[in-house]
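**Q** Here it is, the structure, as structure tokens.
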Amino acid sequence: MNAPAHLPSASVVLPAEDLTGAFAGTPARVRPRRRYPVRFLLALGFLAVLVLVALAPGLFTAYDPLAGDFSATLQAPGWAHPFGTDRLGRDVLARTLHGTRYSLLIGLGGMAVSATAGAFLGILAGQRSRLLDEATSRIFDVLSSFPGVLLAMLVVTFLGQGMANIALAVGIAGIPKFGRVVRAQTQLVRGADYVTQAAIYGLGRGRIFLHHVLPNVLVAVPVIATLYIGNTILIVSGLSFLGLGPQPPTPEWGVMLAESRDVLRVAWWPGVFPGAAITLTVIAFTITGAVLQKKFEGRIA
């Protein structure tokens with residue numbers, strides 16, 4: 001009986017150079033690294049410092065923003081007073097830093113009012129009810145017919161001064177900006193395929209709204225808020241400049257601008273530094289909001 005013939009092995013060993021060639025055309029998938037623009041990182045860093053200053057301004061200056069020194073009035077910027085002093089001898093740096101808290105607090109409060117009321121009305125307008133859509137659209141049209149500062153002035157005149165009333169006034173002025181975007185977003189999401197399929201599978205309207213519509217609608221709110229908060233700070237400063245916001249000697253940026261008018265010809269620093277603080281803050285929020293808007297592009301109507 002002949003010995004069984006040896007069958008050739010199924011495994012084939014390739015030379016090293018063949019292995020290299022075989023894998024050369026199939027590189028491993030490397031997830032691209034997300035890179036943010038330098039301007040976004042700078043804006044984010046500035047806003048982080050701004051929040052820290054608002055929370056603890058005493059870490060950055062030892063001067064009392066309300067304490068005056070009549071022997072040191074209108075001193076130019078120097079080692080003792082980096083931003084100089086105002087007409088009452090108060091340190092401009094200390095007042096600018098402490099003013100961050102008031103401007104941000106009122107601005108954030110106004111933005112919260114705008115976002116909450118605007119999102120609520122926008123969701124109502126986005127429902128399949130012509131009556132609700134017409135009613136909320138008319139509200140947006142009426143509020144939009146007034147410039148933001150003028151509408152805020154009317155509300156403050158009617159309600160009276162005070163931080164809460166100013167925040168409410170600024171918030172009412174911003175309702176249409178949030179409401180119209182949320183309305184469009186609601187209509188877009190309600191017509192999406194996944195919402196239609198959820199209804200076909202028998203999900204109730206309430207469950208579809210809570211689990212599918214609402215989360216995809218509210219994704220637009222933080223982006224609009226970041227873009228709008230700079231505008232709220234401008235309105236707050238404008239009201240203060242006109243005497244309808246926080247009153248002297250409160251260290252608020254608009255108040256400081258108003259107080260600097262009388263000495264602007266002889267001393268530029270009491271007005272330039274708070275003005276620069278307003279400008280840089282608005283720019284930082286605008287850049288941050290623009291980058292976020294681009295990131296969520298396609299998900300926001």
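**Q** State which residue pairs qualify: first residue modelled with pLDDT under 95 and inside region 246-273, second residue aliphatic (A, V, I, L, M) and surrounded by fewer than 16 Cβ atoms within 10 Å (Cβ to Cβ) in any location, beta carbons under 6 Å apart, and separation of 6 or more residues or different chains.
**A** Hits for this filter: P249/L66.
**Q** Hey, another quick one. Need the failing condition index for T281 against (1) farther than 18 Å from F40 by Cβ; (2) part of a helix (DSSP H, G or I); (3) of a type in the set (S, T, Y), just the number.
**A** Result: T281 fails condition (1) only.
**Q** Separate question: Output the residue which, of all residues in region 77-92 that are closer than 17 Å to D262 by Cα and of a type in the set (G, A, S), is surrounded by the fewest Cβ atoms within 10 Å (Cβ to Cβ).
**A** The residue in question is G89.
**Q** Please go through region 122-149 and pick out each residue that is of a type in the set (A, V, I, L, M) and free of Cβ contacts under 8 Å to residues at least 60 places away in the same chain.
**A** Of everything in region 122-149, those that are of a type in the set (A, V, I, L, M) and free of Cβ contacts under 8 Å to residues at least 60 places away in the same chain turn out to be L124, L131, L132, A135, I139, V142, L143.
**Q** Restricting attention to region 35-76, report how many residues are surrounded by 13 or more Cβ atoms within 10 Å (Cβ to Cβ), on the phi < 0 side of the Ramachandran plot, part of a loop (DSSP other than H, G, I, E, B) and over 32 Å from the mean Cα position of the chain (by Cα).
**A** Number of matching residues: 4.
**Q** For region 117-145, which positions are of a type outside the set (G, A, S) and in contact with a helix residue (DSSP H, G or I) (Cβ under 7 Å, 6 or more places away or on another chain)?
**A** Restricting attention to region 117-145, the residues satisfying the condition of being of a type outside the set (G, A, S) are 120-121, 123-124, 127-128, 130-134, 136, 138-143.
Selection gives L121, I123, L124, L132, D133, T136, I139, F140, L143.
**Q** If you don't mind, there's one more thing I want to ask. Considering L292, L239, which residue is part of a helix (DSSP H, G or I), under 30 Å from V181 (Cβ atoms) and touching a Leu at 6+ places or on another chain (Cβ under 9 Å)?
**A** Sole residue among the options that is part of a helix (DSSP H, G or I), under 30 Å from V181 (Cβ atoms) and touching a Leu at 6+ places or on another chain (Cβ under 9 Å): L292.
The values are calculated or read from the model by the stated rules, or taken from the named source; none is laboratory data. None of the values given here were measured: they were computed from a predicted structure. For neighbour counting, all protein chains shown are included, and Cβ atoms are generated from backbone atoms with ideal geometry for every residue, glycine included.
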